[in-house]
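First up is the structure itself, then whatever we jot down about it.
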Amino acid sequence: MRVIQVKDYQEMSDVAADFLAGQIFHKPHSVLGLATGGTPEGTYKSFIQKARHKELPLSELTTFNLDEYEGLSPEHPNSYHMYMNEHLFQPLELSSTQTYLPKGDAENVEKEARRYEQMIQDHGGIDLQLLGIGENGHIGFNEPGTSFTSRTHVEHLKPTTREANARYFEKKEDVPERAITMGIATIMDSRSIILLASGDRKKQAVKKLVEEVRKEEFPASSLKIHPYVTIIADEAALSAVSTNTWTEPENESLIRWTADKKEWEIG
Ligand code: PGA
């Protein structure tokens, strides 16, 4: 895993947006895997500016989101459909035939999960997957204990996850108890992955990800054996990590950022 240490949320967002723009510039027919939550909001904002400024070709792009709450229709204000429309799809005028999320209000959500998994495969898999990380180490909605061999499935959300996401809902009890999420193996099939982390709230999760062994009790640790994972994290999110675990990158062909950004590989 490569770690790019940035100063703050804004810089994390700008660097992540550069990755997305670079991917599309080099491969306009890319398949992007997208995330929701507070973390990627700034990335989408920065990406929209870059896409407009650089006139990125977006017509051949396809996107697949990680997850959606069970029972919420695409029009529900707390659905991830709505989030994506607001934060990315509408500003960039991406059409509904190139942007996919699982249908949380499907009659049979298990069947919907299988359909979604198949659709990702049918599009040739994901080129670049954007991830956040939960305080409990979840990626997508893959909660602690989820099998590393899991594919898109229906997941029961942990009370801590429902609490963390309650800030978006009117009442805590309104947060759905289940969601459809890409599985760990689905995510691991992505050709490259960017994981974003910002702020003090994420520092214990980032420390575990960097320093501890790969285990299903900590879903993000699955990424440790993926060949192309880049963690973009700010100083606060990295503040608990012991720098003894890091080494200077050996591979000089890695993209190097300006001198004030530190870039590491986890040894
Ligand atoms: P957040 O959520 O970006 O809102 O912190 C991340 C996650 O739970 O994966």
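Annotations for the structure displayed:
For every residue, the table says whether it meets (1) within 16 Å of the ligand (Cβ to nearest atom); (2) closer than 24 Å to Met119 by Cα; (3) part of a helix (DSSP H, G or I).
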{"position": "Ala16", "(1), (2), (3)": "yes, no, yes"}
{"position": "Gly42", "(1), (2), (3)": "yes, no, yes"}
{"position": "Ala51", "(1), (2), (3)": "no, no, yes"}
{"position": "Glu55", "(1), (2), (3)": "no, no, no"}
{"position": "Thr63", "(1), (2), (3)": "no, yes, no"}
{"position": "Glu68", "(1), (2), (3)": "yes, yes, no"}
{"position": "Pro74", "(1), (2), (3)": "no, yes, no"}
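- Of the criteria (1) touching a Ser or Thr at 6+ places or on another chain (Cβ under 7 Å); (2) away from the ligand (no atom under 16 Å from the Cβ); (3) of a type in the set (Gly, Ala, Ser), which one Ser147 fails: (1)
- Of everything in the stretch 69-99 that is open to solvent by 50 Å² or more (accessible area, probe 1.4 Å), within 20 Å of the chain's Cα centre (by Cα) and of a type outside the set (S, T, N, Q), the residue that is nearest to Glu41 (Cα to Cα) is Glu86.
- The stretch 180-219 - residue that is part of a strand (DSSP E or B) and within 11 Å of the ligand (Cβ to nearest atom) and, of those, farthest from Lys103 (Cα to Cα): Ala197
- Some residue of the stretch 122-130 being of a type outside the set (Gly, Ala, Ser), within 30 Å of Val213 (Cα to Cα), under 17 Å from the mean Cα position of the chain (by Cα) and within 16 Å of the ligand (Cβ to nearest atom): yes
- Any hit, the stretch 1-9, residues being open to solvent by 10 Å² or more (accessible area, probe 1.4 Å), within 16 Å of the ligand (Cβ to nearest atom) and either part of a helix (DSSP H, G or I) or not β-branched (Val, Ile, Thr) (or both): yes
- Cross-chain or 6+ apart pairs with Cβ under 8 Å, the stretch 76-88 first and in contact (Cβ under 8 Å) with a residue 40 or more places away in the chain, then assigned to a helix (DSSP H, G or I): Asn78/Tyr168; Asn78/Asp174; His87/Glu41; His87/Tyr44; His87/Lys45; Leu88/Tyr44; Leu88/Phe47; Leu88/Ile48
The values are calculated or read from the model by the stated rules, or taken from the named source; none is laboratory data. Just so you know, these numbers come straight off a predicted model, no measurement behind them. All Cβ positions, glycine included, derive from the backbone under ideal geometry; neighbour counts span all protein chains shown. When the accessible area is computed, the model is the full protein with side chains, heavy atoms only, and any ligands, DNA or RNA have been set aside. Shrake-Rupley method; radii C 1.70, N 1.55, O 1.52, S 1.80 Å.
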